[in-house]
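The values are calculated or read from the model by the stated rules, or taken from the named source; none is laboratory data. Note that this is a predicted model, so its numbers are computed, not measured. Here the Cβ positions follow ideal geometry from the backbone for every residue, glycine too, while neighbour counts run over all protein chains shown. Just the protein is used for accessible areas: all its heavy atoms, side chains included, with ligands, DNA and RNA removed. Shrake-Rupley method; radii C 1.70, N 1.55, O 1.52, S 1.80 Å.
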Amino acid sequence: MDVQEKTIMFFKKCGVYDDKLKNKTIINDVNEDFMDLESLFESFFKEFDIENSYAFDVTRYFHQIPFFNKILIAFGFKIKAENKPSITISHMIKVAKRKEWFDPE
């Protein structure tokens, strides 16, 4: 299995792969929990031996949404959130191939 397939399988196993969007799936969606995403990326960095994972700034990419707003989101309300750069499966494939974190373009 090559790096691309292995990366896709990793994110499918974690439940963040959209079969319609495929590699364009956005991982750091506003609806995802901050702690879950942090744990997901820690696992990814470990699994793929990413050398400079310390360079990854979680606050730059992950939404920290107050608990009350999460409840509103769960009931279908739209919450205005700060725009964060998107991280896609495609970008994480490139990270896995390079074995180092770099910011998405």
Reduced to Cα centres, the span from the stretch 1-23 to the stretch 32-88 in Å works out to 18 Å
Per-residue HN-Hα couplings for the stretch 83-97, Karplus 6.51 cos²θ - 1.76 cosθ + 1.60 at θ = phi - 60°, whole Hz, x for Gly and Pro?
-> 6, 10, x, 7, 10, 9, 4, 4, 5, 5, 5, 5, 4, 4, 5
Those residues of the stretch 4-19 whose amide nitrogen sits under 19 Å from the label point placed on Lys84, 7 Å along Cα→Cβ | 11-12, 14-18
Gyration tensor (alpha-carbon) shape descriptor, the stretch 1-60, a/c threshold 1.5 = oblate
How much area per residue is accessible in the chain when the probe is 1.4 Å and only protein heavy atoms are counted (Å²)?
-> 68 Å²
Amide H contacts of Thr88 (H built 1.01 Å from N, under 5 Å, at least 5 apart or other chain) = Ile27
Taking a ≥ b ≥ c as the square roots of the Cα gyration tensor eigenvalues, with a/c under 1.5 meaning rounded and otherwise prolate when a/b beats b/c or oblate if not, the chain comes out prolate
Spacing of the two label points (7 Å from each Cα toward its C-beta) at Glu47 and Asp103, in nm = 2.7 nm
State the percentage of accessible surface on the stretch 1-85 attributable to carbon and sulfur atoms; use a 1.4 Å probe and exclude ligands, DNA and RNA.
-> 52 percent
